[in-house]
Each structure stands twice: as structure tokens, then as C-alpha cells.
Amino acid sequence: MSEQVPKPEELVQIDYQPPAKPWMDVPVEFRRGTFCYAGAKKNVEYLGFPNPRDWQPMDEDWKLPPNWREIILEGMRDRLQKFRSFRLFMDICVRCGACADKCHFYLGSGDPKNMPVLRAELIRSIYRRYFTWTGRLFGRLAGARDLTEDVIKEWFYYFYQCTECRRCSVFCPYGIDTAEITMIGRELLNLVGCNINWALEPAANCFRTGNHLGIQPHGFKDSIEFAIDELEDLTGVRVEVPIAKKGAEVLFIMPSADYFASPHYYTLLGYLLLFHQIGLDYTVSPYASEGGNFGLFISHEMMKRLHDKIYRETKRL
């Protein structure tokens with residue numbers, strides 16, 4: 001694994017020539033600047049995810065659980081039964097390549113495994129090997145392969161190179177939602193503790209303080225009061241922003257970026273002025289102060305858990 005950080009002029013030199021070897025024979029290479037760091041142990045523990053430990057993708061030993069293969073296959077079996085769409089997407093792709101040049105990760109890297117069709121093949125090949133009779137009988141001839149630690153590393157490297165934008169799905173003639181395949185791949189990785197801190201830390205912050213940035217209630221209150229003062233300086237209008245007011249008609253959920261940084265901050269000033277003008281009966285809450293949901297980059301369950309916090313705060317108020 002290379003330890004050298006690529007220079008900007010190297011990153012823009014993109015080679016779209018595919019490797020001479022079949023994709024199954026091309027090992028994954030973790031190059032600095034092209035992958036996310038592993039989830040911090042404290043965040044994994046805080047969210048109650050399995051196998052918390054100190055590790056990084058550059059390590060040779062990823063410290064997987066002893067029965068990691070059984071965990072992955074059982075998790076895959078469970079999702080094949082739970083999500084009918086997942087099984088359908090595993091079976092109907094004809095590898096037409098209509099999605100290939102629609103992915104910004106492929107366009108920016110030239111790596112064939114970043115084509116949505118081939119990224120899905122990373123998990124589809126395991127599906128064929130363990131969940132179809134053709135894959136069990138004919139193996140690689142049927143596009144199947146064994147589940148190994150190298151496959152897990154390959155999944156980690158490529159499944160997190162996706163922003164779930166679903167542009168590939170728009171152009172798929174069969175309507176395959178490759179983003180859903182990627183999300184399920186991440187869910188399987190989470191089962192054995194292979195996750196990224198870029199997504200886990202915001203989710204953990206949201207559980208702890210109500211927003212991805214980890215701004216505590218008194219900090220949220222200070223930010224809102226500062227915005228009120230600045231709005232008065234700019235417009236001469238003094239608005240009132242109720243915080244955790246019980247019985248309000250609307251609980252307004254804002255993105256944390258709006259009260260934390262520019263230029264989003266001016267959006268905050270704009271809707272505070274609008275709410276004042278129309279006389280909206282609303283409140284905001286430091287415990288539900290995040291309109292974004294980093295659960296999208298982790299799992300279906302994490303999305304629901306983060307939304308549940310907002311629902312519970314709505315009921316409380």
C-alpha cells in the first residue's frame with residue numbers, strides 16, 4: 001500500500017485505459033488521498049456498532065471478528081429477504097454500461113471499479129457465489145467469487161466512493177438503484193466494524209448534542225442570539241426566535257451549517273426575518289437542530305435512528 005500523498009498535478013492525470021487483467025484479478029490499492037479514514041473507536045462504541053477497535057485501512061490486519069464471513073453472509077441473506085429490490089437488482093443487470101460515465105467518481109479517477117455497474121459487481125459476484133445455484137456450480141465462469149478479506153477491503157475502498165446521488169440510476173434502462181446496492185454494501189461492512197469516521201462522527205455528534213457539528217445546547221442558543229443581534233443591526237428589525245417553546249405550531253429544523261458558517265448563515269437570517277414577517281408560530285430546539293442526516297452514508301437503520309430523535313423532540317414539545 002502506497003504511503004505517498006499524490007500531488008494535485010498527479011491527481012488530474014486521469015487514465016481511462018482499463019487494466020489488461022480481468023477486474024477480479026486486480027487487487028485494491030489504498031492510496032492516500034483517495035479513501036476515508038476508519039471510524040474512531042469512541043464513535044463506533046457510542047453508536048453501538050459492532051467490533052469497535054483502533055485500525056486504519058492502510059493496516060495489513062483489519063482485526064475483523066473471527067466469524068466475519070458468516071456475519072457478512074448472514075447479513076446479506078437477511079437483506080435479500082428484507083429488500084425485494086436488492087434481490088431484483090442483483091439479478092437483472094445486463095452490464096450495458098449506460099451508467100459508466102455518469103459517475104463523478106469514475107470520471108475523476110478513471111478506475112473501472114468506480115463505474116456503478118462494476119461497483120455493484122463487487123457485491124453481485126458474492127451474491128452469485130453463495131446465493132445462486134449457477135454461481136455455486138460454475139464459480140468464476142458464472143461471475144462468482146469467494147468472499148475473502150481482500151474482497152472486504154475492496155468493498156471498503158469502493159463502496160465509500162459514492163455520494164448516493166443516484167445519477168447512475170436515472171440513466172439505467174432497468175431502473176437499478178445502484179445507490180441502494182452501495183448502501184447495503186456499507187451496512188454489511190458495518191456489521192464487521194468497517195466504517196468511516198467521516199460519516200460516523202457526525203452521526204455520533206447528532207445523537208449526543210442534536211446536530212452533526214457537536215454544538216452543545218448553550219452554543220446553539222448563543223448562535224441564534226448572535227443572529228438576532230446581527231439581523232437587527234442589518235435591518236433595524238428585532239425578531240424573536242423561541243427556543244424549545246412548548247405548544248408551538250411548527251418545530252423548525254434547520255441544517256447546522258446555517259447557524260455555524262457562511263454563506264449558509266445568511267440563509268438563517270433570511271428565514272428568521274420571513275418567519276417574523278408572516279407571524280409564524282414556531283420554535284427551534286437545540287436537541288433537534290440538524291436538518292441533514294449522515295445516516296444516509298451509513299445504513300437504513302441509522303437514518304431512521306437520527307430521524308427518530310426529531311420525531312421524539314416534536315412529541316415532547
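Tell me, yes or no, whether segment 101-122 has at least one residue that is in contact with a Leu (Cβ under 6 Å, 6 or more places away or on another chain), closer than 16 Å to Gly185 by Cα and touching a residue at least 24 places away in the same chain (Cβ under 8 Å). No, segment 101-122 has no match at all. Residue pairs whose Cβ atoms lie under 6 Å apart, separated by 6 or more positions or on different chains, with the first residue in segment 164-175 and closer than 25 Å to Met303 by Cα and free of Cβ contacts under 8 Å to residues at least 24 places away in the same chain and the second of a type in the set (A, V, I, L, M, F, W, C) and not in a loop (DSSP other than H, G, I, E, B), are Arg166/Ala179. Within segment 132-157, being small (Gly, Ala, Ser) and either surrounded by fewer than 19 Cβ atoms within 10 Å (Cβ to Cβ) or farther than 30 Å from Gln56 by Cα (or both) holds for Gly135, Gly139, Ala142, Gly143.
Okay, residues lined up against (1) more than 33 Å from the chain's Cα centre (by Cα); (2) surrounded by 14 or more Cβ atoms within 10 Å (Cβ to Cβ):
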{"site": "Leu234", "(1), (2)": "yes, no"}
{"site": "Arg238", "(1), (2)": "yes, no"}
{"site": "Ile243", "(1), (2)": "no, yes"}
{"site": "Phe252", "(1), (2)": "no, yes"}
{"site": "Pro255", "(1), (2)": "no, yes"}
{"site": "Phe260", "(1), (2)": "no, yes"}
{"site": "Thr267", "(1), (2)": "no, yes"}
{"site": "Leu274", "(1), (2)": "no, no"}
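When Ile181, Ile176, Ile215 are checked against the criterion of being β-branched (Val, Ile, Thr), surrounded by 21 or more Cβ atoms within 10 Å (Cβ to Cβ), assigned by TED's automatic domain parsing to the domain that holds Thr132 and not in a helix (DSSP H, G or I), a single residue qualifies: Ile176.
Checked against the criterion of being outside any helix (DSSP H, G or I), under 20 Å from Ala144 (Cβ atoms) and touching a helix residue (DSSP H, G or I) at 6+ places or on another chain (Cβ under 9 Å), the candidates Pro50, Pro27, Pro57, Pro65 yield just one match: Pro27.
Table: residues versus (1) surrounded by 15 or more Cβ atoms within 10 Å (Cβ to Cβ); (2) more than 18 Å from the chain's Cα centre (by Cα); (3) without any contact (Cβ under 8 Å) to a residue 40 or more places away in the chain.
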| site | (1), (2), (3) |
| --- | --- |
| Lys21 | no, yes, yes |
| Phe30 | yes, yes, no |
| Tyr37 | no, no, no |
| Asn43 | yes, no, no |
| Phe49 | yes, no, no |
| Asp54 | no, yes, yes |
| Asp59 | no, yes, yes |
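Take segment 135-156 and flag every residue that is in contact with a Lys or Arg (Cβ under 8 Å, 6 or more places away or on another chain), under 21 Å from Gly193 (Cβ atoms) and outside any loop (DSSP other than H, G, I, E, B). Matches in segment 135-156: Val151, Glu154. All of (1) more than 30 Å from Phe83 (Cα to Cα); (2) surrounded by fewer than 17 Cβ atoms within 10 Å (Cβ to Cβ) hold for Phe207 with one exception: (1). Note on segment 296-315: residues that are closer than 21 Å to Phe252 by Cβ and either touching a Cys at 6+ places or on another chain (Cβ under 6 Å) or touching a residue at least 40 places away in the same chain (Cβ under 8 Å) (or both) amount to 5.
A quick yes/no check of all residues on (1) under 30 Å from Lys41 (Cβ atoms); (2) touching a His at 6+ places or on another chain (Cβ under 9 Å); (3) modelled with pLDDT under 90; (4) not aromatic (Phe, Trp, Tyr):
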site	(1), (2), (3), (4)
His218	yes, no, no, yes
Val239	no, yes, no, yes
Ala248	no, no, no, yes
Pro263	no, no, yes, yes
Leu274	no, no, no, yes
Ile278	no, no, no, yes
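Counting just the residues of segment 64-78 that are surrounded by fewer than 16 Cβ atoms within 10 Å (Cβ to Cβ) and either outside the structural domain of Ile152 (by TED's automatic domain parsing) or in contact (Cβ under 8 Å) with a residue 24 or more places away in the chain (or both), which one comes out farthest from Tyr127 (Cα to Cα)? Selected residue: Pro65. Taken residue by residue, segment 67-75 has no member that is touching a Leu at 6+ places or on another chain (Cβ under 7 Å), modelled with pLDDT under 95 and farther than 30 Å from Cys206 by Cα.
The values are calculated or read from the model by the stated rules, or taken from the named source; none is laboratory data. Note that the structure is a prediction, hence the values are computed from the model and not measured. Positions of Cβ are generated from backbone atoms using ideal geometry, with glycine treated the same way; all protein chains shown enter the neighbour counts.
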